[in-house]
Amino acid sequence: MVTFIILLILVLLIGLGLPVAVSLGLTAVGFYALQGDMRILSMLPQRMFSATTGFTLLAIPFFILAGNLMNTGGITHRIFRFADACVGHVRGGLGQVNVLASLLFSGMSGAAVADAAGLGQVELKAMADKGYDPDFSAAITAASSTIGPVFPPSIPFVLYSSITGVSVSKLFLAGVVPGLLMALALMAAVWIVAWLHKMPRRDHIAWREIGASFIDAALSLLTPIIIIAGIFGGLFTPTEAGVAASAYALILSMLVYREIKPSQLPLILWETLQHTIRVMFVIAAAGFFGWMLVHQRVPNQLVTSMLELSENPAVLMAIVVLVLLILGLFLEGIAVIVLTVPLFLPVMTEIGVDPVQFGVIMIMCSMVGLLTPPVGMVLFAVSSVAGMSVGRLSKALMPYLLGIAFVLLLVVTVPAVSVWLPNLVMGP
């Protein structure tokens, strides 16, 4: 009964159009206020503060800053040119380039919206200049940007780690194979769509041009290598990797490529601050909300209820994934993570699901949510940049959503897809 009341209040507040952070906070405050327990409300500031002071969370603003620096400092253009030289001749042309460029960029920023808003503008302009269908261009730009939060480094993985205590390094490794599979699935979907619509493709370009584009992008492509090698070489922690990525992007953009002037830094820092505040406000409100759930023993009640519903792990996993996908229709990815991890992780642990595998499932489900109306952040970002309606873009996205859904199904049904690499490198 308590669980039902809490969830009903939350759904009503979100339905009224209140921001997710405000809805989470008001639900918790309102629940205790209605009970007349004002003593517990005195813990609100403490819980909100403690939720945002974890060392792991420091990675979030720095990866956001790294993405903003790369989008402004010419790094994305160089990555796109190199990707075009590598796969631009494959059927689907710039659609294939779009996917590969997003995969390369994902190893630097870890944020889907940063990819969609930054690299997406480069990709859409290049495809428009070559006469590609606007629906095709916008759809693959939106779909490919969801590789970012799955392939390391990843801001959602950092957040999941801060909530669960699971190693960030393990989560980063767990995202490698699913991220690569997402890229392959999207490239296959592009090939099929291009073949059905008889899209033209260009000839192979000279090896000299491929070499020139690689040399031009080489320093940019070193970013993910520095991040991953630094983490597993013991040079810095995953949190400090965000600082290293930001510092490296700043050096490249200002001193090597000279595309960012000192006068542009205040605006870049201001945009980073705004994005960080939005994320941290949700985390702060979720800190008190999550504590309330534990205080009211909601996770325990949920575990008991779901096990009474079915003891079959496959059925329970299917229910959890379905709930995550439905929530993704109405909530942004970060909100889904902070809201559902405290609820569903005990259920997953009870049926023997590895928390690392569940982390990948959680992030992939939230990526589907980024591409689905009515609250798909990437959907709105790309529709704004491309100048088309959300409904039109949603229709064009269907082949690529099927590709992502196939990879999600693999991660759910074959645990080795996500846990094999971290277990190999770091042990079970």
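The values are calculated or read from the model by the stated rules, or taken from the named source; none is laboratory data. What you see is a predicted model, and the numbers here were worked out from it, not measured in a lab. When we count neighbours, we look across all protein chains shown, and the Cβ atoms used for this are built from the backbone with ideal geometry, even at glycine. Calculation scope for accessible area: heavy atoms of the full protein, side chains included, ligands and nucleic acids excluded. Shrake-Rupley method; radii C 1.70, N 1.55, O 1.52, S 1.80 Å.
Positive end of the dipole of the chain (Cβ unit charges, origin at the Cα centre): among I147, A83, S102, the Cα lying farthest that way belongs to A83.
Heavy atoms only, probe 1.4 angstrom, no DNA, RNA or ligands counted: give me R278, R208, R47 ranked by accessible area, highest first.
Numbers: R278 145, R208 210, R47 70 Å².
Final ranking, largest accessible area leading: R208, R278, R47.
Its convex hull of Cα atoms gives the range 308-350 a direction-averaged projected area, equal to a quarter of the hull surface, of 3.0 nm².
Taking all protein chains as shown and a probe of 1.4 angstrom, L402 keeps an accessible surface of around 120 Å². Placing a label point 7 Å from the Cα of S167 along the Cα-to-Cβ direction, the residues of the range 324-356 whose backbone N falls under 16 Å from that point are 354-356. Placing +1 on the Cβ of every Lys and Arg and -1 on the Cβ of every Asp and Glu, with nothing else charged, gives the range 165-287 a dipole about its Cα centre of roughly 240 debye. Applying the Karplus relation 6.51 cos²θ - 1.76 cosθ + 1.60 with θ = phi - 60° to the range 73-89 yields 3J(HN,Hα) values of x, x, 5, 5, 4, 5, 5, 5, 5, 5, 4, 5, 5, 7, 10, x, 8 Hz, where x marks Gly and Pro.
Here the ratio of the Cα radius of gyration of the chain to 2.2 N^0.38 Å is 0.98.
Say R0 is 30 Å: what FRET efficiency, to the nearest 0.05, do I5 and N312 get from their beta-carbon distance? Don't jump to the answer; show the numbers that get you there.
Numbers: r = 29 Å, r/R0 = 0.96.
Taking R0 as 30 Å, the efficiency between I5 and N312 is 0.55.
Helix 155-164 and the longest principal axis of the C-alpha atoms of the chain enclose an angle of approximately 20°. Note on the range 238-304: Kirkwood radius taken over Cα pairs, Stokes-Einstein applied at 10 °C and 1.306 mPa s, translational D equal to 104 µm² s⁻¹.
By accessible area of protein heavy atoms, probe 1.4 Å, what ranking do Y248, Y32 get, highest first?
On the way: Y248 45, Y32 0 Å².
From most accessible down to least: Y248, Y32.
Residue ranges 217-229, 165-177 sort as 165-177, 217-229 when ordered by packing (mean number of other C-beta atoms within 10 Å per residue, highest first).
Taking the highest mean first, how do the peptides 284-295, 184-195 order by number of other beta carbon atoms within 10 angstrom per residue? Display every interim value, and only then the final one.
Numbers: 284-295: 22.3, 184-195: 19.7.
So the order, starting with the most tightly packed, is 284-295, 184-195.
The mean accessible area for residues of the chain, using a 1.4 Å probe and ignoring ligands and nucleic acids, is 43 Å² per residue. For the range 177-318, the square roots of the Cα gyration tensor eigenvalues, ordered a ≥ b ≥ c, give a/c of at least 1.5 with a/b no greater than b/c, which places it in the oblate category.
Ranked highest first by the average count of other Cβ atoms within 10 Å around their residues, in what order do 74-84, 386-396 fall? Working shown, then result.
Details: 74-84: 23.8, 386-396: 15.7.
The peptides rank, most packed first, as 74-84, 386-396.
Note on the chain: dipole from Cβ charges, positive end direction compared against F136, V347, I228; the farthest Cα belongs to F136. Evaluating 6.51 cos²θ - 1.76 cosθ + 1.60 at θ = phi - 60° for every residue in the range 335-342, the Karplus couplings come out as 5, 4, 5, 5, 7, 9, 4, x Hz, glycine and proline recorded as x. The stretch between K125 and I225 holds 33.2 nm of extra length on full extension. This uses 0.36 nm per residue minus the Cα-Cα distance. Between the helical axis of 355-370 and the longest alpha-carbon principal axis of the chain there is an angle of about 70 degrees.
Only helices enter the 222 nm calculation for the chain: every DSSP H run of n ≥ 4 contributes -39,500 (n - 2.57), and dividing by all residues gives -24500 deg cm²/dmol, rounded to 500. Each residue, F236 and R278, gets one label point 7 Å from its Cα in the Cβ direction; the gap between the two is 2.5 nm. In this calculation the C-beta distance from I215 to M398 is compared with R0 = 45 Å, giving a FRET efficiency of 0.70.
With everything on Cα atoms, drop me the angle between helix 238-251 and the longest principal axis of the chain, reported from 0 to 90° to the nearest 10. Approximately 30 degrees, to the nearest 10.
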